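Data block below; observations after.
The values are calculated or read from the model by the stated rules, or taken from the named source; none is laboratory data. On a predicted model such as this, the values are computed, not experimentally measured, just so you know. For neighbour counting, all protein chains shown are included, and Cβ atoms are generated from backbone atoms with ideal geometry for every residue, glycine included. Side chains are part of the model used for accessible areas, which takes the heavy atoms of the whole protein and leaves out ligands, DNA and RNA. Shrake-Rupley method; radii C 1.70, N 1.55, O 1.52, S 1.80 Å.
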Amino acid sequence: MIEDDYANTTVPLPNVTSMIISKVIEYCKKHVESAKNEDKKTAEEDLKNFDSEFVKVDKDTLFDLILASAANYLNIKSLLDLTCQTAADMIKGKTPEEVRKTFNIKNDFTPEEEAEVRRENAWAFE
Amino acid sequence: MDKLPESLLLEILSRLDNSADVACCRVASKAFNNVFPDLRSISLLCSRFGTSGSVSWSCFKKVFLDLISKLRVVESVCIRLHRVVGVGPFDEDFVKEWLPRVSQTLKSLSLSDLPFPCLSQLNILHLISKYCHNLAELNLRSAWLSVSNLNPIPMLTTLTLESRILQDPHLNQLNKCFPNLRVLNLICVRELQDPKIHHFNLQTCHWSVYNHHTSLTLITPNLITLKIECLCYTAIHIEAPMLSHFHLSVDGPKVYEHPGAGAFTAQKFENLKTLWLDSFYVGFLLSEFPTIKTVETLILGSRNKAPRDARDSKLTLGEVFRVFPNVSSLRINSGAWSELEACLDPQGWEILDGSNKGLKTICAYLMLVDPSLTFSYVVCLLDQCVGLSVVSLLIHSGVDGTQCKSFRSKCMARWPGLKWRWGIWDEGMKDTWITDLQITEHPKSSKKFRL
């Protein structure tokens, strides 16, 4: 939007709550400020701490953040990386049942489908 | 999670670094199962019995080939064999079953801990070079690697070879077949004879050599970062004028068993900014270096445990500043500091040629074996390095608390104008910085020591 010389226009962002937008803005602000910091080493550590605190949110907020950062009009790659990696880290080492529980996933396989996918992947959790 | 479109589910799935986790996701959710074929990487850990997150040796072949067939495009394969012995699943026939299938798209391949007995039948490098023309990144960890019948892999930019025995004693094949390497890591390689790394495009190199009495040569016009670890002090010749970061680590205790056997020669370093020297007695290593005016950050590490024997190393700060006159940031580990103390002039004062204005920050790791000696060394350092603004001192965790406190007070009382950072260090522990300090120790000082 800024490239189109619309820096002062309102940008419509449907389906994203103001809470999520303010979090995204907080993230962007912090990363921009950090880039200006001359002491690279402390800036890096400081940013790392900020990022790990930033993603300590409930699952719904995490998924909203993933959606927001991927949105074409925002497209913030580093936030997408951070939030998707956080979601991936929540999956690591879990059994299928645990993954379903963590993310409130409904089992929408038919019994036959489920049996087949289980058989194919049994090596991973049995 | 239902609101996430398939593209974002794929983003999450692709950040799992273990195919076992991906498999669990496939069972957990139909949506994950649907996007799974669009994943582009396979990462399998194979152990004898297939415990937690790994596939068992007996199922490995089937599971792996199944994954290869299900994924539409395979760009990255990572197989880690954990304690797999005997003629296991990894033989030439197996490799020929899948490598040609992914040869067009494979960009990154990592195979580690290929078992020894099956290697005599498997020339893995030859097979990789035969099929994988688009490979950009290769990581091989194996007890033994042959380079016979090696074809060039022109697109390869990153190569890591970790092997006890590499059958390319002078590294000729390596230089010839991977001409476009940017990053090279040669770890733990033995049985080399006067090896030479000769690469025009190489930018980063980590070379770890466990040979005795061999020379090392690097002719790398575009090298920027270099780390060399060697067992004993061998003759090293470097032609790398663009080099900016250099870490040289010499492991062995008997550095001067064969005096003159080791010599460090280099074409002039035009760009060297950061230098890290690690050796048994770092003074000896330092004496091999010519004056380098570009070095701004210097790190000195010494492994000696008996600093009394260090006197011969003649390590003095005067010498350090003579060889590196423009150092602005200095870091000294505890061994190197002990070496400096041991080499201290008997009169107790080390005379620098005029005071040093260039040094801005110093960080030292102290044992505080003899606090008054250490303090007098700190005095001589701080009084003569007039440009210093930040002094960071870390005291070993084993030192008695009251001693630490009194040492700290003495230092801060004498030089209140400096910014002090105090910390605690120990082997195998991350450095801890003391973040608050009793201001009451210095009632007259108006400066807040914000650490």
Check: Any idea what the dipole of the protein assembly as shown comes to, in debye rounded to 20, about its Cα centre with Lys/Arg Cβ at +1 and Asp/Glu Cβ at -1?
Finding: 640
Notebook entry, point to check: Beyond 33 Å, what share of the Cα-Cα pairs of the protein assembly as shown remains, rounded to the nearest whole percent?
Noted result: 59
Next item on the list: Quote the relative contact order of segment B:1-81 in percent (integer), defining contacts as alpha-carbon pairs under 8 Å separated by 6+ residues.
Entry: 29
Check: Between segment B:89-103 and segment B:163-236, what's the alpha-carbon centroid distance in Å?
Finding: 29
Item checked: Pair B:CYS59, A:ASN104: separation of 7 Å Cα→Cβ label points (nm) -> 3.2
Item checked: ³J(HN,Hα) computed for each position of segment A:23-35 - Karplus, 6.51 cos²θ - 1.76 cosθ + 1.60, integer Hz, glycine/proline x -> 5, 4, 4, 4, 4, 5, 4, 4, 6, 5, 4, 4, 5
Note to self: Give the residue list of chymotrypsin sites (Phe, Trp or Tyr not before Pro) in segment A:34-110 that are DSSP loop and have at most 15 other beta-carbon atoms within 10 angstrom.
What the structure shows: A:TYR73
Next item on the list: Rank-order B:366-372, B:328-334, A:40-46 by packing density, defined as the average count of other C-beta atoms within 10 Å over each peptide's residues, highest first.
Entry: B:328-334, B:366-372, A:40-46
Notebook entry, point to check: Which pairs, out of A:LYS29/A:LYS56; A:LYS41/B:LYS419; A:LYS56/B:LYS30, put more than 23 Å between their alpha-carbon atoms?
Noted result: A:LYS56/B:LYS30
Next item on the list: Using only the Cα atoms of segment B:120-248, build the gyration tensor, take square roots of its eigenvalues as a ≥ b ≥ c, and label the shape rounded, prolate or oblate: rounded if a/c is under 1.5, else prolate if a/b is larger than b/c, else oblate.
Entry: oblate
Item checked: Cβ-derived FRET efficiency at R0 41 Å, B:GLU239 paired with A:SER34, nearest 0.05 -> 0.60
Notebook entry, point to check: Nearest 20 debye, what's the magnitude of the dipole of segment B:41-184 about its Cα centre given +1 on Lys and Arg Cβ and -1 on Asp and Glu Cβ?
Noted result: 220
Checklist line | Order of exposure, largest accessible area first, which applies to B:THR51, B:THR204 with probe 1.4 Å | finding: B:THR51, B:THR204
Notebook entry, point to check: Tell me, in nm to one decimal, what length is gained between B:GLU6 and B:PHE289 on full extension, where the rule is 0.36 nm per residue of separation less the Cα-Cα distance?
Noted result: 96.1 nm
Notebook entry, point to check: What does the accessible area of B:THR402 come to, in Å² to the nearest 10, when a probe of 1.4 Å is used?
Noted result: 100
Next item on the list: Towards the positive end of the charge dipole of the protein assembly as shown, with charges on Cβ (+1 Lys, Arg; -1 Asp, Glu), say which of A:ILE105, B:GLY387, A:CYS28 has the farthest Cα.
Entry: B:GLY387
Margin query: Inside 10 Å of the C-beta atoms of B:17-23, what's the mean count of C-beta atoms belonging to other chains?
Written below: 5
Note to self: Could you give the length gained by full extension between A:ASP89 and A:THR61, i.e. 0.36 nm per residue of separation minus their alpha carbon distance, to one decimal place?
What the structure shows: 8.5 nm
Margin query: So if I place +1 on the C-beta of Lys and Arg and -1 on the C-beta of Asp and Glu, and nothing else carries charge, what would the dipole magnitude of chain B be about its Cα centre? I want it in debye, nearest 20.
Written below: 1020
Check: How do B:270-283, B:155-168 rank on mean C-beta neighbours within 10 Å, highest first?
Finding: B:270-283, B:155-168
Next item on the list: Answer with one residue from B:PHE94, B:LEU138, B:ASN33: the one whose Cα lies farthest towards the positive end of the charge dipole of segment B:32-162, charges on Cβ with Lys, Arg +1 and Asp, Glu -1.
Entry: B:ASN33
Item checked: Solvent-accessible area buried by pairing B with A, both sides, nearest 100 square angstrom, 1.4 angstrom probe -> 2900
Item checked: segment B:178-247: chymotrypsin sites (Phe, Trp or Tyr not before Pro) falling in loop per DSSP and having at most 13 other Cβ within 10 Å -> B:PHE200
Notebook entry, point to check: ³J(HN,Hα) across segment B:34-39 via Karplus (A = 6.51, B = -1.76, C = 1.60, θ = phi - 60°), whole Hz, x for Gly/Pro?
Noted result: 5, 7, 3, x, 8, 5
Check: Any idea how far the Cα center of segment B:26-70 sits from the one of segment A:28-65, in Å?
Finding: 33
Next item on the list: Would you tally the net charge around B:THR157, using a Cβ to Cβ cut-off of less than 9 Å, leaving B:THR157 out, and scoring K and R as +1, D and E as -1?
Entry: 0
Checklist line | Rounded percent of accessible protein surface that carbon and sulfur make up, chain B, 1.4 Å probe | finding: 52
Checklist line | Around A:GLU98: net Lys/Arg minus Asp/Glu count, Cβ-Cβ under 13 Å | finding: +2
Next item on the list: Calculate the mean, over all residues of peptide B:4-16, of how many other protein chain Cβ atoms lie within 10 angstrom of the residue's Cβ.
Entry: 5
Next item on the list: Any chance you could look up the accessible area of A:ASP60 with a 1.4 Å probe, heavy atoms only, rounded to 10 Å²?
Entry: 90
Note to self: I want to check the label-to-label distance for B:HIS82 and A:SER18. Put each point 7 Å from Cα in the C-beta direction and report it in nm to one decimal.
What the structure shows: 5.1
Margin query: With the crude spin-label approximation of a point 7 Å out along Cα→Cβ, what separation in nm comes out for B:LEU231 versus B:VAL390?
Written below: 4.0
Note to self: As an exercise, take the mean of 1/r over every pair of distinct alpha carbons in segment A:39-80, invert it, and state the Kirkwood radius in angstroms.
What the structure shows: 11.4
Notebook entry, point to check: Projected onto the charge dipole of the protein assembly as shown (+1 at Lys/Arg Cβ, -1 at Asp/Glu Cβ, origin at the Cα centre), which of B:SER279, B:ILE224, A:PHE125 gives the Cα projection farthest towards the positive end?
Noted result: B:SER279
Margin query: Explain nothing, just the number: relative contact order of chain B, from Cα pairs under 8 Å at least 6 residues apart, as a whole percent.
Written below: 6
Note to self: If you take every residue apart from A:ASN37 with its C-beta less than 12 Å away from the C-beta of A:ASN37, what net charge results, scoring Lys and Arg +1 and Asp and Glu -1?
What the structure shows: -2
